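Some notes on the structure that comes next.
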Ligand code: DGL
């Protein structure tokens, strides 16, 4: 059975993890949310590299992972090459290339919106992979805080609408949620955008279809956070309606 590590700065990567487990329960999954250092999207590239290196090192040394899913666009856009160099035998699935491929399959009017963290937008990773299209990008770091705090009130909805305005007014038919936290805001985004929404989890799943096979086996799931386990457990309950065991780990 494959051992798969899934990483993010916090709860966002769980939007990928739970979709992947639903499709491929026949693997062992080890999730680490680095909540102590969340958000990553406003940190420098070097800081993101250092933090993600520690997480992957832990997973490689303690969980013997064969595959790493970088369920975080901020890590994917800044640190994939670095992590692959550090862990040459690890099969790494990141978000940018699969999401760009997936988007190309569906965009109709050549206009693509991209919302993500500062780290991802500043890397121009999506624009570079979607050069033949007109792209409209916006960093929305506040969305990460809204999700991590797990509470959408009317004020926060207004903030989300305001942030989205400059992207949506360009007649886009496809919107890339270039941050794995953002799918948790889809019910709000749907109030102002009716086109196609592309998430990292859809894109990663289409990539995994080339790598994993379906078998009649069920693997284990272990979830770790670098902050308080009880808080993370509560976030999972509120956001995903799942009762999961969470352990705290120290990576320093
Ligand atoms: N969920 C992450 C991403 O996809 C990181 C968000 C953050 O920590 O800023 O970019």
Next on the checklist: Viscosity 1.567 mPa s, temperature 4 °C: what is the translational diffusion coefficient of the chain from Stokes-Einstein with a Kirkwood Rh over Cα pairs, rounded to a whole number of µm²/s?
Outcome noted: 71
Checklist entry - Roughly what angle does helix 73-86 make with the longest principal axis of the chain, taking Cα atoms, 0 to 90 degrees, to the nearest 10? => result 40
Checklist entry - Which of 175, 130 comes first, and how do the rest follow, when ranked by fewest Cβ neighbours within 10 Å? => result 130, 175
Checklist entry - From largest to smallest, what semi-axes in whole angstrom does the range 184-247 give when each is the square root of 5 times an eigenvalue of its alpha carbon gyration tensor? => result 25, 23, 10
Checklist outcome for this item: Expressed in angstrom and ordered largest first, the alpha-carbon extents of the range 117-252 along the principal axes are 44, 41, 32
Checklist outcome for this item: So the angle from the long Cα axis of helix 229-240 to the longest Cα principal axis of the chain, reported in degrees to the nearest 10, equals 50
Checklist entry - Normalised by the number of residues in the range 51-153, what is the relative contact order in percent for Cα pairs under 8 Å and 6+ residues apart? => result 24
Checklist outcome for this item: Helix 96-106 sits off the longest principal axis of the Cα atoms of the chain, rounded to the nearest 10 on a 0 to 90 degree scale, by 50
Checklist entry - When you take every Cα atom in the range 79-157, what is the radius of gyration, and what is Dmax, the widest Cα pair distance, in Å? => result 15.5, 48
Checklist entry - Taking the inverse of the average 1/r across all pairs of different Cα atoms in the range 19-79, what Kirkwood radius in Å do you get? => result 12.7
Item to check | Computed Rg/Rh of the range 22-159, alpha carbon atoms with Kirkwood Rh | outcome: 0.99
Next on the checklist: Averaged across orientations, what area in nm² does the convex hull of the alpha carbons in the range 53-112 project?
Outcome noted: 4.7
Checklist entry - Using 0.36 nm per residue, how much length does the chain from residue 61 to residue 132 gain when fully extended, once their Cα-Cα distance is taken away? => result 21.4 nm
Item to check | For the range 1-64: relative contact order, % (alpha-carbon pairs under 8 angstrom, 6 or more apart) | outcome: 41
Checklist outcome for this item: Between residue 153 and residue 1, the FRET efficiency computed from the C-beta separation at R0 = 30 Å comes out, to the nearest 0.05, as 0.10
Checklist entry - the range 180-252 to the range 1-49: how many Å between their Cα centroids? => result 8
Item to check | Contact order normalised by residue count of the range 104-215, Cα under 8 Å, 6+ apart, percent | outcome: 32
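Just so you know, all these numbers are worked out from the coordinates, no wet-lab data involved. Every value quoted in this text rests on a predicted model; they were computed, and no experiment measured them. Glycine also receives a Cβ, built like all others from the backbone with ideal geometry; neighbour counts cover every protein chain displayed.
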